[in-house]
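Values quoted throughout were computed directly from the atomic coordinates according to the rules given, and no laboratory measurement underlies them. Keep in mind that this is a model prediction, so the values were computed, not measured. FYI the Cβ positions are ideal-geometry reconstructions off the backbone, even for glycines, and counts take in every protein chain you see.
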Amino acid sequence: MRITLSFLTAAVLIAMTLAMAHPTAHHAFAAEFDANKPVELRGTVTRLQWTNPHSWLYVDVPASDGTVTAWAIEFGAPYSLMQKGLRKTDFPIGVAVVVKGFRAKSGKAVANASSVSLPNGRGFYTGADDGPGEK
């Protein structure tokens with residue numbers, strides 16, 4: 001009887017632990033980005049990942065000294081972006097963009113976008129609902 005109770009207790013604890021596990025790819029804005037460190041990036045698109053739970057835009061941003069920094073910019077989920085009027089086709093490789101957002105707490109060249117402007121003047125709110133920005 002005692003072994004059965006111990007086994008049942010262990011099985012329940014394991015089941016609860018697995019049920020509480022969260023995917024590590026999804027996170028709250030404040031866990032990774034600093035609302036006190038806004039950035040404005042002007043550069044050209046090198047790659048786009050249109051994936052859940054967040055899309056990523058990769059942009060080469062030149063500095064005044066001629067160096068180029070490759071930035072990874074987190075957007076909202078694809079469905080959310082499409083509801084705001086954005087499509088994958090809006091970001092062909094080499095297109096110039098202006099991205100406003102917030103820098104990663106790590107200090108790496110990573111940001112969470114709040115808006116993006118395209119060369120034709122179109123501008124979009126791109127952020128997730130849990131982050132700061134211009135809604």
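Going by how many other beta carbons lie within 10 Å of each one, how would you line up Val98, Val39, Val68, fewest first?
Values: Val98 15, Val39 19, Val68 12.
In increasing order of surrounding Cβ atoms, one gets Val68, Val98, Val39.
For Ser117, Ser106, Ser64, what's the fewest-to-most ordering of other Cβ within 10 Å of each Cβ?
Starting with the residue having the fewest Cβ neighbours, the order is Ser64, Ser106, Ser117.
With a 10 Å Cβ neighbour count serving as the proxy for reagent exposure, in which order, fewest first, do Lys100, Lys37, Lys108 appear?
Details: Lys100 20, Lys37 13, Lys108 10.
So the residues, fewest neighbours to most, are Lys108, Lys37, Lys100.
What length, rounded to one decimal in nm, is gained on full extension from Asn52 through to Lys88, with 0.36 nm per residue of separation minus their alpha-carbon distance? Please list the in-between numbers first.
Numbers: separation 36, 0.36 × 36 = 12.96 nm, distance 1.35 nm.
Full extension of this stretch gives 11.6 nm more.
Per 0.36 nm of contour for each residue apart, how much would the distance between Ala63 and Arg122 grow if the chain were fully extended, relative to their Cα-Cα spacing?
Numbers: separation 59, 0.36 × 59 = 21.24 nm, distance 2.43 nm.
Difference between extended and current length: 18.8 nm.
Want the number for Lys37 to Val98: 0.36 nm per residue separation, take away the alpha-carbon distance, what's left?
Values: separation 61, 0.36 × 61 = 21.96 nm, distance 1.66 nm.
Extra length available between Lys37 and Val98 comes to 20.3 nm.
What's the local net charge at Val95, with K and R +1, D and E -1, over the other residues with C-beta under 13 Å away?
Values: positive: Arg42, Arg47, Arg87, Lys88, Arg122; negative: Asp60, Asp90.
Charge balance in the 13 Å sphere: +3.
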